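This report concerns only the one structure given below.
What follows is calculated from the coordinates using simple rules that are stated; it is not laboratory data. Bear in mind the structure is a predicted one, so any value in this text is a computation, not a measurement. As a convention, Cβ positions derive from the backbone with ideal geometry for all residues, glycine included, and neighbour counts pool all protein chains shown.
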Amino acid sequence: MIARVVSATWRLSSHFKGPRLRTTSHVSLPTFGRSLSNVFEPLPKQELVTKFKSRLRGRQFLPGSSGSDFPEFLGEPTDSFPLGIAVKNPNGSSLADLTAKCMEFAEETFSRSPAILFRGLPAKSAEDFSVIAGAIPYKTAAYGGIGHRSQVDKAAGTYTASERPPNYTIELHNELAYSENFPSKVYLFCVKEPADGCGGETPIMKNNDLQSRLDPDIIRKLDEKHIKYERYMPSTRHRNYISWQDGFMTNDRKEVEDIAKQQGNDIHWDENGDLYLSLIRPAFIPHPVTGEKYWFNLVTGHHNSCVDSMPTFNDTDILDGKWPYHSYYGDGSEIEPQVIQHIRAQSWACAVGFKWKCGDLLVIDNVAAQHGRIGFSGERKMLAYLTA
Ligand SMILES: [Fe+2]
C-alpha cells in the first residue's frame, strides 16, 4: 500500500518544467521533469531491513549501555528514514552526471527526510567515491576532529569513515558539532558491507525526535549554559591518544592552527609540542537552510565517559587529568552523569539501522540528523566525505 502511494508521487507531470514537491499522507518525494523521473525509484523498505537486530542494552564497548533505560535493540528503518532511492541509468550516464542528479534530488528532498540512501550508482571502489566527491557541487569541509580516520584521496577530500576499534560502538553524533565550521552534509559510501548478524550498521537518528524525548529541564539548562569542549592532542600518538598530526592530517603547526581557529578554538601549545584546544558552543543552532532551531552538539560523544568505554583505553592511565577530550557546561562545571545517561538512552531510543550494500551512498543533513556506527566483526569498509 505504501509502495503504491510512493509510486504515485513519482508520476511525471507533463506540464511541469522543473523540480517541485508533492505531498501525500505517507511519504512525499519530489517530482521531477522527464530527465530525472526515469532515474529515481523508491527502494522498498524491506530492502533496507537487516536480517538480525543489533543489541544495544548491555552491549560491550557502547557508552551507557549498562543503563536499564537503554533500548534493547537498534530500531528498524521506516518508510522514509532513511529514504531509500533506487538509481536507474537507462541512458548510460556517467557516474559524475548521476551524482549531480542525486544531489539535486537530495536538496529537494531533505525537507522530507534528512537521510537519503542512493542504491544502484555505477560505483564500487574508493576511486569511484573520488569521482562522486568531485561531482558534488558544494565546498569540501576540512576534518580536524576527534575521530580516528585517514585520508583516502587528498585531492578529492575523501576519508576512511572511522578507524576506531571494530568492536567499539561509535555514539550517535552530528559531525564536528563542536566546531563553528561544521559540515552541513555528510556523505558515507559503502565499499564493503558488513555480513548479516555481524553488526556494523550506521545508526541514524533525527534530532527533532530526540528533542521531543529529552527532559525539558535538561534542554533548558544546556540551552542557557552552552557546552564547553576541551581536547588534548599530544605531538606523537602515545598511550592510545590521537596526535594532532593524525587528527588534523598534517605535520604543519600553522595549518593546524588555521583549521582549529576556523573551528573557533582557543589554542595552546606546551613545551613538549602537545596541543590543547578549548571552545564554548551553543547546544542548539538554527538550521542553515530553514532557520529551525535544532539540538546540535556533541555533549555525549565528546564526554570523557566515551573514552572509558573504549577497548583501547581499558588499560590506559589518564595522567594529570589529560583526557583526550571532554565536555562540560559552558561555565566549566561537570555535567551530571545522569544527564549524560538520559541523553544517551533517549538518542538510541530514536535510532534506526539499515542494511548496507556495496556501492550505496548515504547523504545526511548533518544538522537535522545524527549518525554513528555499531561495533562489528569481520570485514566492513566505509568512506566519508564532508561538505558545507
Ligand atoms: Fe561521524
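Quick look at the values:
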| quantity | calculated |
| --- | --- |
| Under the Debye formula (equal points on every Cα, no solvent term), log10 I(q)/I(0) of the chain at q = 0.06 Å⁻¹ | -0.23 |
| The chain: DSSP helices with Cα axial extent of at least 15 Å and average Kyte-Doolittle hydropathy no lower than -1.0 | 95-109, 337-350 |
| Packing rank of 369-376, 242-249, where each peptide gets the mean count of other beta carbons within 10 Å, highest leading | 369-376, 242-249 |
| For the stretch 30-167, share of DSSP beta bridges that run antiparallel, in % to the nearest 5 | 60 percent |
| Antiparallel DSSP beta bridges within the chain, as percent of all bridges there, nearest 5 | 90 percent |
| Tail weight of P(r) past 29 Å, computed on alpha-carbon pairs of the stretch 149-296, percent | 29 percent |
| Rg/Rh for the stretch 297-388, where both radii come from Cα atoms and Rh is the Kirkwood radius | 1.00 |
| Sequence of S309, S377 once ranked by neighbouring C-beta atoms within 10 Å, starting from the fewest | S377, S309 |
